[in-house]
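Throughout, read-outs are computed from the coordinates displayed, never taken from laboratory work. Nothing here was measured: the structure is a model prediction, and the numbers come from that model. As a convention, Cβ positions derive from the backbone with ideal geometry for all residues, glycine included, and neighbour counts pool all protein chains shown.
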Amino acid sequence: MSRHRVMGQLSRVVAAAVVLLLLAGCNPQTQYRPEPAVLQSAVDCSAATGMMANPSAPGASLKGRVPDGFVPVDVVRCTWALPVLSAQATTSPDAVVREDHLSGDYGPLLAALAGPSDRGGEAVCMDLAEILPELWLVNAAGAAVNVAWPVDSCGFSKPGTAAALENLTVASSTTVPAKEPAA
């Protein structure tokens, strides 16, 4: 076999190996937007998943992105709250959820929520969990949607949504009993 022919075959083998190595180590990042959230008759903070996330809960399949043309007149943030214990308490406290109605300019929040989420990529993810409040938008007709926060490829929220929420004002706040997660 001629030296020229051996070098040609060797270069093809090396090129193929490089391509295979690149493909094996490459996990390209893609962006996606979830399906639109399903319109519901009212906000239900009592079903907030909080620390007891249950992706198979009935409401989990209703959560999604802001539907096209949905114009909010109210934004509701649902967060797990620590119940107040009295010195006379003889039983463990029930879990409660704080329901904050937020007012202000919803434009930055809608822009942040419209951003895509990431999937894949070469990120090294920390073994941590982020507890995000449930976020509901309510339109003038009273219909509500439970919206998903855009997340990075590690499942952490992108900073735009939290920043937009910080610029809103709590107009009213109440607590509601938390529903027990389905077993």
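Of all residues in the stretch 131-183, count the ones that are part of a helix (DSSP H, G or I) and either surrounded by fewer than 16 Cβ atoms within 10 Å (Cβ to Cβ) or aromatic (F, W, Y) (or both). I'd like the intermediate steps shown before the answer.
Let us first name the residues in the stretch 131-183 that are part of a helix (DSSP H, G or I), namely 159-166.
Then keep just the ones that are either surrounded by fewer than 16 Cβ atoms within 10 Å (Cβ to Cβ) or aromatic (F, W, Y) (or both); that gives 159, 162-163, 166.
Qualifying residue count for the region: 4.
Among the residues of the stretch 122-167, the ones that are over 24 Å from A81 (Cα atoms) and of a type outside the set (S, T, N, Q) come to 12 in all.
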